[in-house]
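Worksheet: one structure, shown below.
What follows is calculated from the coordinates using simple rules that are stated; it is not laboratory data. Everything numeric here is computed off the predicted structure, so don't read it as measured data. Methodologically, a virtual Cβ is constructed for each residue, glycine included, from the backbone with ideal geometry; neighbour enumeration extends over all protein chains shown.
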Amino acid sequence: MAIFLGFDAGATKTDCVLIDGTGRLLSEARGAGANPLRAGFAKACAVLGETAQRALVEAHQSATAVRALCAGIAGAGRPRVARRIQSYFNHAFPQSVVHVTTDIEIALEAGLGEDAGIVVIAGTGSAACGRNSAGQYARAGGWGPWIGDDGSAYDIGRRAVHAALRARDSAGPTSSLGERILLAEKARDWDVLIERLAKRADKIFPQLFPTVCEAADEGDAVARDILINSAKSLATLARSVVEKLGMREEVFSLVKSGGAFGHSLHFDSALEQEITRIAPNARSAPLRVSPAQAAAEMARKSIANAAAHGA
């Protein structure tokens, strides 16, 4: 039986889905983050292999049965990154057709399929992408935490720490965020937390997102401002895609993808309001399938299409 693997690998987690030739879900597995630019190539490849192995074992399948795989990898928009991950998969699954793409591309497939619309992505990182009725594609963001990822869970955690330290220095408004952050990270003081941040900011900042949401829900004005301003940053990415594709007056689906959504009314509603202002005919729609399952479907369809064309 031919089987197909799909991966959705970001900085925080890696999801792997296994389906059969009819598209039936056989198994799912989750691993640690596998963004090569953050974790390093050796760690990223190890996580991808381990996560795939768990999915195969759960479905009582072997790697030799994998006919094709598609991996949406954060950072794979850079050709050098994609080539190195491709090389790893070619070695690990020598009998498979391998396609390495970005996590943004599989989110587009998960949200829209072949339809026109916009997908706004906010997890550890952030981006927006879309397709218009003429089939033209555009994207914005996705540049990583060093120069971008505005509105992401990483960015929100970073903004929260910055606000807490400003309050501590009497340089900004008072907030409960400082105490909440230290408690959430089990740090006895800021010196300890700053040392941790210097070593593993990628892990700590995104983990603070729920803390900010909780503070906002309980009335902390600074936390609310952080969430609202972060939503506006995401809307700016969406606006860029809308303008590139000439979709401002069109009716289209607006899909949200990523772990930052669905946890805060302040965050989600602020984004909805900004999107309505940018594109009044946009209509919110859920993901059709998970990005990892969309990747598996992309792998399955690549073989079906090749067979149909006699390849």
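Over all alpha-carbon pairs in the chain, figure out the percentage whose distance exceeds 32 Å. Across the chain, Cα pairs with separations above 32 Å total 31 percent. Along the chain, the longest continuous region that contains none of the GluC sites (Glu not before Pro) in a DSSP loop with at most 11 other C-beta atoms within 10 Å is 1-113. Let a ≥ b ≥ c be the square roots of the eigenvalues of the Cα gyration tensor of region 193-311; is it rounded (a/c under 1.5), or, if not, prolate (a/b larger than b/c) or oblate? Oblate, since a/c reaches 1.5 and b/c is not below a/b. Eigen-decomposition of the gyration tensor built on the alpha-carbon atoms of region 114-287 gives equivalent ellipsoid semi-axes of 33, 16, 12 angstrom, largest listed first.
Which ordering of D103, D225, D155 is given by a fewest-first count of other beta-carbon atoms within 10 Å?
Least to most surrounded, the residues fall as D225, D155, D103.
Per-residue packing, averaged as other Cβ atoms within 10 Å, sorts the ranges 36-46, 157-167 into the order 157-167, 36-46, beginning with the highest. Computed from backbone phi, the HN-Hα couplings of region 131-146 come to 9, 9, 5, 8, x, 6, 10, 8, 9, 8, x, x, 8, x, x, 6 Hz, rounded to whole numbers (Karplus: 6.51 cos²θ - 1.76 cosθ + 1.60, θ = phi - 60°; Gly and Pro given as x).
Calculated mean residue ellipticity at 222 nm for the chain: -16000 deg cm²/dmol, from DSSP H runs with n ≥ 4 weighted as -39500 (n - 2.57), summed, divided by the residue count and rounded to 500. Inter-label distance, E58 to R24: 1.7 nm, where each label sits 7 Å from its Cα along the C-beta direction. Hey, with R₀ at 25 Å, roughly what FRET efficiency would K244 and Q273 work out to, going by the Cβ-Cβ distance, to 0.05? So the FRET efficiency works out to roughly 0.70. Across the options A46, L112, A163, the greatest Cα extent toward the positive end of the charge dipole of the chain (unit charges at beta carbon of Lys, Arg, Asp, Glu) belongs to A46.
The packing ranking of peptides 122-132, 144-154, highest mean first, is 122-132, 144-154, where packing means the average number of other beta carbon atoms within 10 angstrom of each residue.
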